[in-house]
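Asks: Sharing a structure, written as structure tokens. Questions coming.
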Amino acid sequence: MREQLLEEKTTELEQASGEIVKLEEEKSRFLHFISIAAHDLKAPLTAIQGFFWVMLGGFSGELTDKQRNMLERSSRRIKELLNLISDLLDIPRIETGQIVQEVKEISLREVVRRSLDDLRNLAKEKGVKLKVELPQSLPKIQGSSSRLQQVITNLVGNAINYTPEGVVTIRVGEGGKDMRTEVMDTGIGISADDPPLSDVSPPWLVTPQG
């Protein structure tokens, strides 16, 4: 009886092991597909962005204010698509743990400044006022500067897009041993039925220095 039970459990373990191997193979193929698709999309978009920069730089002739405005808006949309592609390319790196190598000492004030620099024109187009609340003194933190900027840019960008002629506030402060960055707006907000941000935010470590 005991030998039969042991044999059944062994068979179950072998079947489970086989299923795990299949899932890992499918995940590997999926990540490979994402990587190829993202690279194939990135090349032509980068070329288009380059053409926009040439025209905006005046190398192809003088531009009217209307033409410049249209090119600047198109260029920003291309940049948003390139950022999305970068997100896709990050998925395999997160899976293999490579993203952890980017963690280092950074200035949160500088990260917020760069994030908002990319969004001020969008806010102006939407008639949205950006309000920034930063303490005079901010400690250095450990994290990935580019990834943290990506998260803040996405949050503030979404707030701007869903706030018709209102105010988007970015507040940074200390929350116990951690630094807290809050994005508030006068738009429709996040529904209580939506998943918490901890479930949708990427797992990049950000903690105060020391």
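Asks: With θ set to phi - 60°, apply the Karplus curve 6.51 cos²θ - 1.76 cosθ + 1.60 along the range 111-120 and write out the HN-Hα couplings as whole Hz, x wherever there is a Gly or Pro.
Replies: Karplus-based 3J(HN,Hα) across the range 111-120 equals 5, 5, 4, 5, 4, 6, 4, 6, 10, 5 Hz.
Asks: Tell me, what is the FRET efficiency for N83 and T10 to the nearest 0.05, using R0 = 45 angstrom and their Cβ-Cβ distance as r?
Replies: E(calc), rounded to 0.05, equals 0.35.
Asks: Follow-up question, since we're still on this one. Could you work out how far apart the two model spin labels at A47 and S60 are, taking each label as a point 7 Å from the Cα in the direction of the beta carbon, and quote it in nm?
Replies: Label at A47, label at S60, 1.4 nm between them.
Asks: At a threshold of 8 angstrom on Cα-Cα distance, excluding pairs fewer than six apart, so keeping six or more, what relative contact order does the range 2-96 reach in percent?
Replies: Relative contact order for the range 2-96 comes out at 37 percent.
Asks: While we're looking at this one, here's another question. Read phi for every residue in the range 147-164 and hand back ³J(HN,Hα) as whole Hz from Karplus 6.51 cos²θ - 1.76 cosθ + 1.60, θ = phi - 60°, with x for Gly and Pro.
Replies: Ordered by residue, 3J(HN,Hα) equals 6, 5, 4, 4, 5, 5, 4, 5, 5, 5, x, 5, 4, 5, 4, 9, 10, x Hz.
Asks: Related question: Take peptides 122-129, 46-53, 62-69, 146-153 and line them up by average Cβ neighbours within 10 Å, highest first, as a rough protection proxy.
Replies: 146-153, 122-129, 46-53, 62-69
Asks: Going out from 0 in 10 Å bins, what whole percent of all Cα-Cα distances in the range 82-185 drops into each bin?
Replies: 14, 42, 33, 11, 0
Asks: Let me know the whole percent of all Cα-Cα pairs from the range 18-98 that are separated by more than 22 Å.
Replies: For the range 18-98, the fraction of Cα-Cα distances above 22 Å is 45 percent.
Asks: In whole Hz and in residue order, list the ³J(HN,Hα) couplings for the range 54-62 that follow from phi through the Karplus curve 6.51 cos²θ - 1.76 cosθ + 1.60, θ = phi - 60°; x for Gly and Pro.
Replies: 4, 5, 5, x, x, 6, 10, x, 5
Asks: Report the net charge of residues surrounding K131, where surrounding means a beta-carbon distance below 11 angstrom and charges are Lys +1, Arg +1, Asp -1, Glu -1.
Replies: 0
Laboratory data are not the source of any read-out in this text; all were calculated from the coordinates shown. Predicted model only: the values in this text are computed from it and were never measured. Note that each Cβ is placed from the backbone with ideal geometry, even for glycine, and that neighbours are counted across all protein chains shown.
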